1. Could you give the length gained on full extension between Glu150 and Leu7, defined as 0.36 nm per residue of separation minus the Cα-Cα distance, in nm?
2. Under a 10 Å cutoff between Cα atoms, tell me which one of Gly46, Gly101, Gly136 has the largest fluctuation in the Gaussian network model of the chain.
3. Rounded to whole Å, give me the distance from the Cα center of the stretch 1-59 to that of the stretch 62-104.
4. Compute the length gained on full extension between Glu131 and Asp107: take 0.36 nm times their separation in residues and subtract their Cα-Cα distance, giving the result in nm to one decimal.
5. Farthest toward the dipole's positive end in the chain, which of Leu89, Met165, Gly127, given Cβ charges of +1 (Lys, Arg) and -1 (Asp, Glu) about the Cα centre?
6. Using the basic label-point model (7 angstrom from Cα toward the beta carbon), what is the His94 to Lys168 distance in nanometres?
7. At a Förster distance of 45 Å, what's the computed FRET efficiency of Gln16 paired with Asp71, Cβ-Cβ distance as r, to 0.05?
8. Rounded to the nearest 20 debye, what is the charge dipole size of the chain about its Cα centre when +1 sits on each Lys and Arg Cβ and -1 on each Asp and Glu Cβ?
Amino acid sequence: MALLRILETPDPVLRQISTPVEKVDDELRTLIEDMFETMYDAPGIGLAAVQVGVPKRLLVMDLQEPENPDDPESPPVKEPRVFINPEILSHSDHDVPYTEGCLSVPDQYAEVMRPDRIRARWLDEQGESHEEDLDGLLAVCLQHEMDHLEGVLFIDHLSKLKRDMVLKKLAKTRKERGLRAA
Ligand code: GNR
Ligand code: NI
C-alpha cells in the first residue's frame, strides 16, 4: 500500500488524454489499491489515474454516503467502485447543477451543469464487464472522472469569468498557505 502524490493544475499531465487499459492484471490491481488509499486519505469521493500521474483509462470512486441519510454525521458506508475503460453509452437531455470540487483544483468549488442520468459501461478490477443506468451523485462523479480521462477539469465547464475567479482564489489560497508554512 502506498500514498500517491496528487497532481494539481496547471500540471500538463492533467491535460493528457488517457489511453485504454490493455490488461487487468495484478500490477493494475496494485495501482487501484494505492489509488483508493490516496483517495480516502485526501479525502475525496473519486480519483482518476491521471491525477496520480498515470494517464490510463481507470478511475476509482466511493461516495462514502452517511449510513442514515437523515443524519449526515452517521458513519459513512464504504462502497468502493472501480471503473476501467468506462464509456457513456447515452445520457438524458436534462442537465442539472451540482457544486463540484476537484483534488487537482484544491479547495475550490463551483456549480457545473451535467446530464442527470447516464447509461455507462465499464470493466471492474476482475476484468468483468458491467452496464448500468446511473443517476444522482454517482452520475455526477462518473462524468467528472471521465472528463479527467480526456484532460478536462471541472473549471473548463465554467465561463471564462468564473474560471478566472476560481484560479485567482486558488493562487491566493496557495500564497497564504506558503506564507504560513514558511
Ligand atoms: O472529491 C471529490 N468531490 C467531488 C464533488 C463533486 C463533484 C465531483 C467530485 S470528484 C472529487 C475528487 C476528484 O477530484 N476526482 O477527480
Ligand atoms: Ni477531479
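A short reminder: the numbers here are calculations on the coordinates, not readings from a lab. What you are looking at is a predicted structure, and each value in this text was computed from that prediction instead of being measured. Counting neighbours? That spans all protein chains shown, and the Cβs are built from the backbone with ideal geometry, glycine included.
1. My answer for the length gained is 49.9 nm.
2. Gly136
3. With the stretch 1-59 and the stretch 62-104 each reduced to a Cα centre, they are spaced 17 Å.
4. 5.4 nm
5. Result: Met165, furthest along the dipole toward the positive end.
6. For the pair His94/Lys168, the computed spacing is 3.7 nm.
7. That pair, Gln16 with Asp71, gives E of 0.65.
8. 1340 debye
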